[in-house]
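Structure first, then comments.
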Amino acid sequence: MEHPENDKAYKGLKVNDGVERLSSVNPYLSQRRAKRAAQLSVEDYIQGILRGDVTVLSRAVTLVESLLPEHQAVAQEVIERLLPYSGKSLRVGITGVPGAGKSTSIDAFGMHILQERGGKLAVLAVDPSSERSKGSILGDKTRMERLSVRADAFIRPSASAGSLGGVARKTRETIILCEAAGYDTVFVETVGVGQSETAVCSMVDFFLLLQIAGAGDELQGIKRGIMEMADGIVINKADGANKDEAQRAAAHYRNALQLFPMPQSGVRPQVLTYSGFYDIGIKEVWDMIYDYIGKVKANGSFEKRRNSQAKYWMYETINEQLRNRFYNATGVEAQLAHYEKELLDGRITSFAAATKMLEFYDSVIEK
């Protein structure tokens, strides 16, 4: 670059060229992207997961969650090959109303188990998707400050995508991958709304219900459906001025549980209080979980529960596959548009339209 100040007319003045500005883009970025984009083989996934490679595990989970048929084919082969290495972990489902402190509690529960018993912990946190944009914040790691920096903890937030009321479509397969990678404790966090509790309860060994006191009438939280699914109930935020109120809420829940029939596990749920923020009562919660697991393994209901869960997910997968095949069948989209118009014009009822669509689908698959 020419500097007019260097002209001879300006004696004693000289301006040197500056240092050339370097590119702000990492020159090795393209190489790293090319390396990352390289497709792994089924054997690469299996060996990587078995040796506990977190990067390979993360890519395998992404593959499982993918809707692409070619990805699904690879994912299913990987899962089947890893099945013999799975099933040895303790699976804990955690649910509660929004604001009950699920993520903070998981951080406290996880730190306790890693410090007291060692091993590895996987957290499958399901993030609610927007019904409008279908997007998710996936911000659970920000509320698990201690676990997120530990090498022996794997946190995987997944968008619910509206599946099963908030539970990610492939969470059960992800549990198998994590177990094969050596994670001996698996947390599954649900968003705490709708059908998600039923789905999570159908994939875990212990279902923990988190409640809070002081948010209104405690009896509003005593709903028969969710209470019958819970294997243990804990009242969070039992600290400071809220401690007595948490104890009163716990007493309400204990009284309510006495009115319910004995669960199929043969173990009546306990009700405890604790503080996830201040780590008060965390050990007692874990003692409750391990006491329950010991009892159900002794009476045989642990194995029965896992067997019934396997059958449940087989039928759920059949339902999902049938739904996908119906909507992807030739001509179904056009026929749906036709019967929608008939329905809105008042010429046919909803039930009759559905019957006509199923008859059309039967004719398509018979050809």
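The values are calculated or read from the model by the stated rules, or taken from the named source; none is laboratory data. Please read all numbers here as calculations on a predicted model, not as lab measurements. Every residue, glycine as well, gets a Cβ built from its backbone with ideal geometry; the counts of neighbours run over all protein chains shown.
Report yes if residue 66 is farther than 23 Å from residue 152 by Cα and out of contact with any helix residue (DSSP H, G or I) (no Cβ under 6 Å at 6 or more places or on another chain), otherwise no.
Yes, satisfied.
Take the residues in segment 78-103 that are under 14 Å from residue 49 (Cα atoms) and surrounded by 14 or more Cβ atoms within 10 Å (Cβ to Cβ); name whichever of them is farthest from the chain's Cα centre (by Cα).
81
Residues that are of a type in the set (Val, Ile, Thr) and free of Cβ contacts under 8 Å to residues at least 60 places away in the same chain, at least 3 per element: which helices (runs of 4 or more DSSP H) completely within segment 299-367 meet that?
Output list reads 350-366.
Give me the residue from segment 150-192 that is modelled with pLDDT under 80 and not in a loop (DSSP other than H, G, I, E, B) and, out of that set, surrounded by the fewest Cβ atoms within 10 Å (Cβ to Cβ).
Filtering first and then ranking leaves 165.
Filter segment 117-149 down to residues that are of a type in the set (D, E, K, R) and either in a loop (DSSP other than H, G, I, E, B) or at pLDDT 95 or above (or both) and give me whichever is surrounded by the most Cβ atoms within 10 Å (Cβ to Cβ).
Ranking the qualifying residues of segment 117-149, first place goes to 120.
Filter segment 34-77 down to the residues that are surrounded by 12 or more Cβ atoms within 10 Å (Cβ to Cβ), at pLDDT 95 or above and not in a helix (DSSP H, G or I) and list them by number.
Scanning segment 34-77 gives 52, 53.
Return the total of residues in segment 252-289 being touching a strand residue (DSSP E or B) at 6+ places or on another chain (Cβ under 8 Å) and of a type in the set (A, V, I, L, M, F, W, C). It would help to see each step written out before you state the result.
Restricting attention to segment 252-289, the residues satisfying the condition of being touching a strand residue (DSSP E or B) at 6+ places or on another chain (Cβ under 8 Å) are 253-254, 257, 269-276, 281, 284-285, 288-289.
Applying the additional criterion that residues be of a type in the set (A, V, I, L, M, F, W, C) yields 257, 271-272, 285, 288-289.
Adding up the residues that qualify gives 6.
Can you find even one residue in segment 273-286 that is assigned by TED's automatic domain parsing to the domain that holds residue 146, in contact with a Leu (Cβ under 9 Å, 6 or more places away or on another chain) and at positive phi?
Within segment 273-286, one or more residues are assigned by TED's automatic domain parsing to the domain that holds residue 146, in contact with a Leu (Cβ under 9 Å, 6 or more places away or on another chain) and at positive phi.
Go through 305, 323 for me and flag whichever is surrounded by 13 or more Cβ atoms within 10 Å (Cβ to Cβ) and not assigned by TED's automatic domain parsing to the domain that holds residue 255.
Checking each option against the conditions leaves just 305.
Is at least one residue of segment 251-268 farther than 30 Å from residue 308 by Cα, in contact (Cβ under 8 Å) with a residue 24 or more places away in the chain and part of a helix (DSSP H, G or I)?
From segment 251-268, those farther than 30 Å from residue 308 by Cα are 251-252; that's our starting set.
Of the ones still in play, those that are also in contact (Cβ under 8 Å) with a residue 24 or more places away in the chain are 252.
After this cut, where a residue has to be part of a helix (DSSP H, G or I) as well, the list is 252.
Yes, segment 251-268 contains at least one residue that is farther than 30 Å from residue 308 by Cα, in contact (Cβ under 8 Å) with a residue 24 or more places away in the chain and part of a helix (DSSP H, G or I).
With respect to residue 270, is the statement that it is surrounded by fewer than 13 Cβ atoms within 10 Å (Cβ to Cβ) and either outside the structural domain of residue 106 (by TED's automatic domain parsing) or among the polar types (S, T, N, Q) (or both) true?
On the way: surrounded by fewer than 13 Cβ atoms within 10 Å (Cβ to Cβ): no; either outside the structural domain of residue 106 (by TED's automatic domain parsing) or among the polar types (S, T, N, Q) (or both): yes.
So residue 270 does not fit the description; no.
Quick check on this structure: which one of 257, 343, 358 is within 30 Å of residue 175 (Cβ to Cβ) and either of a type in the set (A, V, I, L, M, F, W, C) or touching a Cys at 6+ places or on another chain (Cβ under 8 Å) (or both)?
That would be 257, the only listed residue that is within 30 Å of residue 175 (Cβ to Cβ) and either of a type in the set (A, V, I, L, M, F, W, C) or touching a Cys at 6+ places or on another chain (Cβ under 8 Å) (or both).
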